[in-house]
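The values are calculated or read from the model by the stated rules, or taken from the named source; none is laboratory data. None of the values given here were measured: they were computed from a predicted structure. All Cβ positions, even for glycine, are placed from backbone atoms using ideal geometry, and neighbour counts span all protein chains on display. SASA here: full protein model, heavy atoms, side chains in, ligands and nucleic acids out. Shrake-Rupley method; radii C 1.70, N 1.55, O 1.52, S 1.80 Å.
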Amino acid sequence: FEDRKVRGLEALVRWKHPSRGLLRPDEFVALAEETGLIVPLGWWVLERACVQARQWQLRFPAEPPLFMSVNVSGKLFSQADAVDGVVRILETADLQPESLRLEVTESVVMEHTEQAMRKLLELRAFGVQLSVDDFGTGYSSLSYLQRFRYDSLKIDRSFVSSMVTAGDSSAIVETILGLASSLGIGVVAEGVETEEQVQRLRQMRCPLGQGYWFARPLAVDAAEDLLASEKRW
């Protein structure tokens, strides 16, 4: 928050439907999960995201380089070649593993426990960064942190938004920040939308945030304009 620089981006998928227009993920991802199409869709998004990340790194050099976050479906980990597939995409895109952050929810691990854990460990050993998405909303959050060391936590937007309301959740956010610090894990605050939230997170020394306060979801050209701008936010 302090230097107001873009450290990384998150890949978001949208569907340009021929009759319904632009559809958000909540309008088609569940169906893709049910039909199994989430697997080829997931590979396509991951490949496009890695290629784009490398292009932006070359155009907008930084230290450390810009990273790309990609949400991963649990069904991807049910594929025998999941690890090889990720490695192959990184090599084809010429993207360093440390520049890719795979975002997983607790349900991914809970539904495919041993299989998922093994593949996550292989990817992390290769250098890929792993992030817990929507942290704080699952009943097993702490137990899985104990079992498996992630690289970062993403504080769920529900806690960020209620920091400045009657149901003040600042204590919860501070607790998560303290926990992550003691474990040596990075933190990203999700759903940052107001200046008041920004100021509160700065006071707590939250290192990174994402949300509408920074930018709404952007197409590639608009994201490039953001990265190229000298004054960001």
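If I filter region 212-226 for residues that are of a type in the set (Phe, Trp, Tyr), on the phi > 0 side of the Ramachandran plot and open to solvent by 30 Å² or more (accessible area, probe 1.4 Å), do I get at least one hit?
no
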Which condition from (1) out of contact with any strand residue (DSSP E or B) (no Cβ under 8 Å at 6 or more places or on another chain); (2) at pLDDT below 75; (3) more than 17 Å from residue 82 (Cβ to Cβ) is the one that residue 106 breaks? (1)
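For region 21-44, which residues satisfy the criterion of being surrounded by fewer than 14 Cβ atoms within 10 Å (Cβ to Cβ) and out of contact with any helix residue (DSSP H, G or I) (no Cβ under 8 Å at 6 or more places or on another chain)? Working first, answer last.
Taking region 21-44 and keeping what is surrounded by fewer than 14 Cβ atoms within 10 Å (Cβ to Cβ), we get 21-22, 24-27, 30-31, 34-36, 40, 44.
21, 22, 24, 25, 26, 27, 30, 31, 34, 35, 40, 44 - these are the residues of region 21-44 that are surrounded by fewer than 14 Cβ atoms within 10 Å (Cβ to Cβ) and out of contact with any helix residue (DSSP H, G or I) (no Cβ under 8 Å at 6 or more places or on another chain).
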All positions within region 48-104 that are open to solvent by 60 Å² or more (accessible area, probe 1.4 Å), part of a loop (DSSP other than H, G, I, E, B) and under 16 Å from residue 126 (Cα atoms): 81, 94, 96
Could you run through region 4-58 and say how many residues are in contact with a strand residue (DSSP E or B) (Cβ under 7 Å, 6 or more places away or on another chain), over 23 Å from residue 104 (Cβ atoms) and of a type in the set (D, E, K, R)? 1
Across (1) closer than 25 Å to residue 80 by Cα; (2) at pLDDT 90 or above; (3) buried (at least 17 other Cβ atoms within 10 Å of the Cβ), residue 120 clears everything bar (2)
Could you give me the residue pairs with C-beta distances under 6 Å whose first residue belongs to region 179-195 and is among the acidic types (Asp, Glu), whose second residue is open to solvent by 50 Å² or more (accessible area, probe 1.4 Å) and in a helix (DSSP H, G or I) wherever it lies, and which are 6+ apart or on separate chains? 190/157
Suppose we filter region 216-233 for residues that are assigned to a loop (DSSP other than H, G, I, E, B) and free of Cβ contacts under 8 Å to residues at least 12 places away in the same chain; how many remain? 6
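Being open to solvent by less than 100 Å² (accessible area, probe 1.4 Å) and in a loop (DSSP other than H, G, I, E, B) is the filter here, so list the residues in region 6-20 that pass it.
First, the residues of region 6-20 that are open to solvent by less than 100 Å² (accessible area, probe 1.4 Å): 6-14, 17, 19.
Selection gives 6, 7, 11, 12, 13, 14, 19.
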Region 14-42 residues that are without any contact (Cβ under 8 Å) to a residue 60 or more places away in the chain, paired with ones that are surrounded by 14 or more Cβ atoms within 10 Å (Cβ to Cβ) and of a type in the set (Ser, Thr, Tyr) (beta carbon under 7 Å, 6 or more apart): 33/73; 38/73; 42/73
